[in-house]
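See structure below.
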Amino acid sequence: MNIEAIMRTAPVIPVLVIDDAAQARPLAEALVKGGLRVLEVTMRTAAALDAIREMKQVEGAIVGAGTVVNPDQFRQVMDADVEFIVSPGLTETLAEPILESGVPFLPGIATAGDIMRGLDLGLTHFKFFPAETSGGLKALKALAAPFYQCKFCPTGGISAQTAPEWLAFDPILCVGGSWVTPKGASFEQVEALAREAAGLGR
């Protein structure tokens, strides 16, 4: 799958911060059962790599690594056999080895300069991050106008209530969010939230 196909799989990509790898597989099962197959496991915890390996065992799950910020982390997540990589920003130092590997890549952008750097590298699909504090939908609409060839996944501050407005803007293929896995929620609750999120798409 290329990055566009991954972004079009579901309207919401859950952004997951996992502290206990033992929770990873049942969490992935709940999300996939609810209709959210694309799962972004952030590299913010010691359990992240083990969580990725556990989630990859769930049938139908498309498991990627998020918050990848340097080549060392890139090598670690490749060893875990991730299916896509998301970064909060865009640097050539990180992008070049990822692009050489062929793994689908969704780098973070917040400015016109970021997008131009990405286009120079041959990229056209970006994560708009942090979405709300970078000016929200109004800012992304302004950015998208001159960069008509680009597609986006806004992440950061988006909720179940605001997601539909974002998704109604054509260059946005999906949104990232953590609201589908609130702290303390049961797997049954996560599945229900995932089902609601999966229904937000056009």
Trypsin sites (Lys or Arg not before Pro) lying in DSSP loop within the range 15-65, provided at most 14 other Cβ fall within 10 Å: Arg44
Would you calculate the volume per residue, in Å³, of the smallest convex hull containing every Cα atom of the range 107-197? 97
Taking the range 1-96 and dividing mean pair separation by its residue count, relative contact order in percent (alpha carbons under 8 Å, at least six apart): 25
Scoring the chain by relative contact order with C-alpha pairs under 8 Å, at least six apart, yields a percentage of 24
Pick out which of Leu36, Leu106, Leu121 has the largest mean-square fluctuation in a Gaussian network model of the chain, springs linking Cα atoms closer than 10 Å. Leu121
Along the dipole axis of the chain (charges at Cβ: +1 for Lys and Arg, -1 for Asp and Glu; origin at the Cα centre), the most positive-end residue among Gly122, Gly64, Val103 is Gly122
How big is the charge dipole of the range 68-151 about its Cα centre, in debye rounded to the nearest 20, if each Lys and Arg gets +1 on its Cβ and each Asp and Glu gets -1 on its Cβ? 500
Considering only Trp179, Phe147, Ala192, whose Cα is most displaced toward the positive end of the charge dipole of the range 145-202, charges sitting on Cβ of Lys, Arg (+1) and Asp, Glu (-1)? Phe147
Magnitude of the charge dipole, the range 115-189, Cβ model with Lys/Arg +1 and Asp/Glu -1, debye to 20: 160
Can you tally the net charge around Ala112? Count Lys and Arg as +1, Asp and Glu as -1, for every other residue whose Cβ sits under 14 Å from the Cβ of Ala112. 0
Net charge near Ala47: determine it from the other residues with C-beta under 14 Å of the C-beta of Ala47, scoring Lys and Arg +1 and Asp and Glu -1. -1
Accessible-area order (highest first, 1.4 angstrom probe) of the listed residues Thr124, Thr155: Thr124, Thr155
Once each part is reduced to its C-alpha centroid, what is the distance from the range 34-68 to the range 71-103 in angstrom? 15
Volume per residue of the C-alpha convex hull in the chain, rounded to whole Å³: 104
Using unit Cβ charges (K, R positive; D, E negative) and no other charged atoms, how large, in debye to the nearest 20, is the dipole of the range 1-76 about its Cα centre? 160
If we count chymotrypsin sites (Phe, Trp or Tyr not before Pro) as exposed when they sit in a DSSP loop and have at most 15 other beta carbons within 10 Å, what is the longest stretch of the chain that avoids them all? 1-147
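The values are calculated or read from the model by the stated rules, or taken from the named source; none is laboratory data. Note that the coordinates shown come from a computational prediction; the quantities given were computed from them, not determined experimentally. Note that we place each Cβ from the backbone using ideal geometry, even for glycine, and neighbour counts take in every protein chain shown. Each accessible area value is taken on the protein alone, full model and side chains, heavy atoms only, with ligands, DNA and RNA left out. Shrake-Rupley method; radii C 1.70, N 1.55, O 1.52, S 1.80 Å.
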